[in-house]
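Notes follow the structure.
The values are calculated or read from the model by the stated rules, or taken from the named source; none is laboratory data. As the structure is a computational prediction, the values presented were derived from the model and not from experiment. Neighbour counts run over all protein chains shown; Cβ positions are idealised from the backbone, glycine included. Surface accessibility is based on the protein's heavy atoms, side chains included, excluding ligands, DNA and RNA. Shrake-Rupley method; radii C 1.70, N 1.55, O 1.52, S 1.80 Å.
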Amino acid sequence: QVQLVESGGGLVQSGGSLRLSCAASGFPISSYTMSWYHQAPGKERELVAAISSAGGSTTYANSVKGRFTISRDNARNTVYLQMNSLKPEDTAVYYCFAANWGNSYWGQGTQVTVSS
């Protein structure tokens, strides 16, 4: 059974940090580009960060550059999103996404709320 399970979300004050984890099962993430997206109420889902299958290439939304870091541990079949200097506008549901040439999978999401 293919699953992506996010964890690590919660309520944090502005300026604080959170580390999100996305644990995959049922497939090896080593052959997948892994990404984090977020979706705020009333808005479209947007790409936050992505990392190539071997981890050698990363990309970030302009709004999170310098504050967020995506990483992966293929041996643990897990991808992470370290979020520092959080702002109220980072409040959203954060989703993990796996994709390669043939398949794509979404996680169920984890809520991140940043209070001012």
Worksheet item: Out of curiosity, is R45 among the basic types (K, R), open to solvent by 20 Å² or more (accessible area, probe 1.4 Å), within 14 Å of V5 (Cα to Cα) and modelled with pLDDT of 95 or more?
Response: no
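Yes or no: S63 open to solvent by 20 Å² or more (accessible area, probe 1.4 Å), of a type in the set (S, T, N, Q) and either at pLDDT 95 or above or in contact with an Asp or Glu (Cβ under 8 Å, 6 or more places away or on another chain) (or both)?
yes
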Discussion item. Residue under question is T58, and the condition is that it be hydroxyl-bearing (S, T, Y), touching a strand residue (DSSP E or B) at 6+ places or on another chain (Cβ under 6 Å), modelled with pLDDT of 95 or more and more than 19 Å from S7 (Cα to Cα); does it hold?
Written reply: yes
Worksheet item: Within segment 74-114, can you find the residues that are open to solvent by 40 Å² or more (accessible area, probe 1.4 Å), assigned to a strand (DSSP E or B), of a type in the set (S, T, Y) and touching a Gly at 6+ places or on another chain (Cβ under 9 Å)?
Response: Y105, T113
Worksheet entry | Residue identified as open to solvent by less than 50 Å² (accessible area, probe 1.4 Å) and in contact (Cβ under 8 Å) with a residue 60 or more places away in the chain among S71, S35 | S35
Response to the item:
With the first residue restricted to segment 13-31 and required to be under 14 Å from W106 (Cβ atoms), and the second required to be among the basic types (K, R), Cβ contacts under 7 Å at 6 or more apart or on different chains are I29/R72
